[in-house]
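Chemist: Structure in structure tokens, see below.
The values are calculated or read from the model by the stated rules, or taken from the named source; none is laboratory data. Quick caveat, the model's predicted, so the values are computed rather than measured. Using ideal geometry, Cβ is built from the backbone for each residue, glycine included, and neighbour counts are taken over all protein chains shown.
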Amino acid sequence: MSKKQMISGSIYFLLIAGMTIVVLPMIYMISVSLKPNGALYEFPPRFFPKLSEITLENYQYILSKVQFYQNFLNSILVSTVTVAAAAFIAAALAFCLARFEFPGRRALFTFIMLTMIIPGMTLIVPQYELAVKLKVINQLWGLIPFYTAWVIPYSTFMIKGFVENVPKELDEAIYMDGGSVFTIFFQVILPLTKQGIASVSIFNFLTAWEEFPWANTVINDDLKRTLPIAISGFFGQHQFTQWGYVFALSAFSLLPILLVFLFGQRFFVEGLTSGSVKG
């Protein structure tokens, strides 16, 4: 075996090992969701259920609850609006930082970068005080501005690199034809940076979809909660955790994520390969 073949074999082995580590928890989750609740505690434990044990009762229970549909719609609403708002604001901010020279430009960009290193948990108390003053406690729409603020620094940082790759000669051509700054932004920058915007939007969707601590802090009404909070409601219920229900609901929560990656993977790959970060 040649040295090149050994290197290729090692790379494939590492890729398969990594994929196995990533995929096994999801396979186990689906396996448990297809077992009766009591079967999880059997000894010796089994990774896969017997064919005679496979049941859909956990999924039927979840689908029979009106609260599940409401929590699912809540997560869809919050995540979708967060992605749309963050994409527009971050793209506009990146456009200003990349195209215009103004006093404090570098300081503003540095400040945006510094906010990315602040641990989110340290901000819960001041954010809660702000939420109280804004009267958005126990309000579903009150999650959106906070989620949007969290993802704007990273989104701006990434989109700025794509904007800098757009030739400035296009801006000058628009100005010569009588166009304005808004014409450049909407007709040039947004279309030519859609790969970068789509890439960061995938991460922003995941952030809003999976977020737990803040939503659990400010939302108390069961019908206003998002899916991660609904899943946590099964922990310790009836004196023990109903893992079948937990994993069945978790499996449902993966569907939007898979759809986002399925329809956005082309933009995601193009965004990773065509964009670069400058300055």
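Chemist: Return a yes/no flag: does segment 98-111 have any residue that is under 22 Å from the mean Cα position of the chain (by Cα) and modelled with pLDDT of 90 or more. Before you say what the answer is, go through the steps one by one.
Modeler: Applying the first criterion (under 22 Å from the mean Cα position of the chain (by Cα)) to segment 98-111 yields none.
No, segment 98-111 contains no residue that is under 22 Å from the mean Cα position of the chain (by Cα) and modelled with pLDDT of 90 or more.
Chemist: What's the total number of residues in segment 146-199 that are basic (Lys, Arg) and surrounded by fewer than 14 Cβ atoms within 10 Å (Cβ to Cβ)?
Modeler: Restricting attention to segment 146-199, the residues satisfying the condition of being basic (Lys, Arg) are 160, 168, 194.
Of the ones still in play, those that are also surrounded by fewer than 14 Cβ atoms within 10 Å (Cβ to Cβ) are 168.
Of the residues in that region, 1 qualify.
Chemist: Where in segment 194-264 are there helices (runs of 4 or more DSSP H), lying wholly inside it, with at least 1 residues that are hydroxyl-bearing (Ser, Thr, Tyr) and farther than 27 Å from ALA90 by Cα?
Modeler: Working: elements: 194-210, 213-218, 227-232.
Of the helices (runs of 4 or more DSSP H) lying wholly inside segment 194-264, those with at least 1 residues that are hydroxyl-bearing (Ser, Thr, Tyr) and farther than 27 Å from ALA90 by Cα span 227-232.
Chemist: Taking interchain pairs and intrachain pairs at least six residues apart, which have beta carbon atoms under 9 angstrom, with the first residue in segment 91-119 and free of Cβ contacts under 8 Å to residues at least 24 places away in the same chain and the second exposed (fewer than 10 other Cβ atoms within 10 Å of the Cβ) and of a type in the set (Phe, Trp, Tyr)?
Modeler: These pairs meet every condition: CYS96/PHE102; LEU108/PHE102.
Chemist: Within segment 152-188, track down each residue that is of a type in the set (Val, Ile, Thr) and either assigned to a helix (DSSP H, G or I) or touching a residue at least 40 places away in the same chain (Cβ under 8 Å) (or both).
Modeler: ILE152, THR156, ILE159, VAL163, ILE174, VAL181, THR183, ILE184, VAL188
Chemist: Among PHE88, PHE95, which is surrounded by 19 or more Cβ atoms within 10 Å (Cβ to Cβ) and out of contact with any Ser or Thr (no Cβ under 8 Å at 6 or more places or on another chain)?
Modeler: Among PHE88, PHE95, only PHE95 is surrounded by 19 or more Cβ atoms within 10 Å (Cβ to Cβ) and out of contact with any Ser or Thr (no Cβ under 8 Å at 6 or more places or on another chain).
Chemist: Residues in segment 1-37 that are closer than 24 Å to PHE234 by Cα and of a type in the set (Ser, Thr, Tyr): how many?
Modeler: Final tally of qualifying residues: 3.
Chemist: When you go through (1) in contact (Cβ under 8 Å) with a residue 60 or more places away in the chain; (2) part of a helix (DSSP H, G or I) one by one for VAL136, which number turns out not to apply?
Modeler: (2)
Chemist: Another one. Out of all the residues in segment 202-209, is one or more within 28 Å of ARG106 (Cβ to Cβ), within 25 Å of the chain's Cα centre (by Cα) and touching a residue at least 60 places away in the same chain (Cβ under 8 Å)?
Modeler: yes
Chemist: Looking at VAL32, is it assigned to a helix (DSSP H, G or I) and under 21 Å from the mean Cα position of the chain (by Cα)?
Modeler: No, not satisfied.
Chemist: Being without any contact (Cβ under 8 Å) to a residue 40 or more places away in the chain, outside any loop (DSSP other than H, G, I, E, B) and over 16 Å from LEU227 (Cβ atoms) is the filter here, so list the residues in segment 50-68 that pass it.
Modeler: GLN60
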